[in-house]
Amino acid sequence: MHTELQTNQKLSKKPSNGFQVWWRLMRPHTLTASFVPVILGTVLALIDTSINIALFVTMLLACLLIQAATNMINEYFDYKRGLDTAESVGIGGTIVRDGVKPKVILNLAFAFFGVATLLGVYISMNSSWWLALVGTICMAVGYLYTGGPLPISSTPLGELASGFFMGLIIILISFFIQTGTITSTSVLISIPIMILVGAINMSNNIRDLDGDKKNGRRTLPILLGKDKSIKFLAGLFIISYIWIIVLAFIGIASFWSLLVLVSVPKAVQAVTGFIGKTEPIQMMPAMKATAQTNTFFGFLLSIGIFIDYFF
């Protein structure tokens, strides 16, 4: 069925030059899932040691490149499987709308992975070579998320994979390269960010539920149904906020960490934005609000930890 869809799909004749085309390809609204964990992990390390700025910048660039490359691979394989059309919502559209050749997209993704690998070598040289293995696994997951015979994105494990590797692991690597260790505090404070990165994926799958179902995918929202998926998304937000509140009250996180509560209205906007909506385009604001909740939550948590360090 995918082969037939691909054969019938026509490329746009729109010119492929211009910065905006390539910027859309990287899906910038998803890049916060990369730099927020790096910033949080680095701020956490500030409590125990002085910060190596070069390692911080290198880690930040490597994560942004891996996220952008993953988005490009997503664009490539969704096109090859016939899942993207010129009318698809939420995609970069460089293939189906701008006429960029699919092979160019894939080669650019591999180039980004290559640069990220070189940056990873620098990080490993200045911390631990075990990180080379961890980084390789992260890039492999980025490829297998939509590539390979059984893409992770087509299974109920998409939220878990994205949250674990793009949330928890990135925070802990960012912390480790500065301190040379992993602490229980760094792990515990990473959990809500892991949940919220997974929530970004969840919101994307809620938006695409009907189309994914027609194309044979088995995402978590398809298994739960739309109404239960929205409740599940709300539960992810609630757990994230309660987690930080509990950590603050038992002394693992400072009370300044409660600044994350300022982002609650954005989480409410994300959940209510899905209710009663049936078309993907109608759900785009809710999906963006989910990504913004992750961004605000992560930044506010980082600011709280930073304030506590000085006061």
- request: Heavy atoms only, probe 1.4 angstrom, no DNA, RNA or ligands counted: give me M283, M125 ranked by accessible area, highest first.
  value: M125, M283
- request: Please report, in whole Å, how far the alpha carbons of the chain spread along each principal axis, starting with the longest.
  value: 61, 46, 33
- request: Apply the Karplus parameterisation 6.51 cos²θ - 1.76 cosθ + 1.60, with θ equal to phi minus 60°, to every residue of the stretch 147-159 and state each ³J(HN,Hα) to the nearest whole Hz, in sequence, with x for glycine and proline.
  value: x, x, x, 10, x, 4, 5, 8, 10, x, 9, x, 5
- prompt: How much solvent-accessible surface does K288 expose, in Å² to the nearest 10, with a 1.4 Å probe and all protein chains in place?
  reply: 100
field: For T155, residues with placed amide H under 5 Å, excluding near neighbours
entry: R218
statement: Quick tally, 1.4 Å probe accessible area for T117, T219, T278, sorted with the most first, runs T278, T117, T219
- request: Express in Å², to the nearest 10, the accessible area of V268 obtained by rolling a 1.4 Å probe over the protein heavy atoms while all chains stay in place.
  value: 80
task: Give, in nm to one decimal, the length gained when the segment between F255 and Y309 is fully stretched (0.36 nm per residue of separation minus the Cα-Cα distance).
output: 18.2 nm
message: For the chain, what does the accessible surface come to per residue with a 1.4 Å probe? Please give it in Å².
response: 46
field: Charge dipole (the chain, unit charges on Cβ, about Cα centre) - positive-most of A140, T295, L220
entry: L220
- prompt: With the Cα gyration tensor of the stretch 239-308 giving a ≥ b ≥ c as the square roots of its eigenvalues, does the rule (a/c under 1.5 for rounded; else a/b larger than b/c for prolate; else oblate) give rounded, prolate or oblate?
  reply: prolate
statement: Measuring from its Cα centre, the stretch 214-311 shows a charge dipole (+1 at each Lys and Arg Cβ, -1 at each Asp and Glu Cβ) which, in debye to the nearest 20, is 560
message: From the phi angles alone, apply the Karplus equation (6.51, -1.76, 1.60; θ = phi - 60°) to the stretch 161-168 and give each ³J(HN,Hα) in whole Hz, x where the residue is Gly or Pro.
response: 5, 5, x, 5, 7, 8, x, 4
message: Explain nothing, just the number: dipole magnitude of the chain about its Cα centre with +1 on each Lys and Arg Cβ and -1 on each Asp and Glu Cβ, in debye rounded to the nearest 20.
response: 800
- request: Could you list the chymotrypsin sites (Phe, Trp or Tyr not before Pro) in the stretch 123-189 that lie in coil according to DSSP, counting only those with at most 15 other Cβ atoms within 10 Å of their Cβ?
  value: W129
- request: Calculate one ³J(HN,Hα) per residue across the stretch 54-67 by plugging θ = phi - 60° into the Karplus curve 6.51 cos²θ - 1.76 cosθ + 1.60, and present them in order as whole Hz with x for glycine and proline.
  value: 4, 5, 4, 5, 5, 5, 4, 5, 4, 5, 5, 5, 5, 5
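The values are calculated or read from the model by the stated rules, or taken from the named source; none is laboratory data. Source: prediction; values computed, not measured. No Cβ is skipped: glycine too gets one built from the backbone with ideal geometry, and neighbour counts run over all protein chains shown. Heads up: the accessible areas ignore ligands, DNA and RNA and are worked out on the full protein's heavy atoms, side chains in. Shrake-Rupley method; radii C 1.70, N 1.55, O 1.52, S 1.80 Å.
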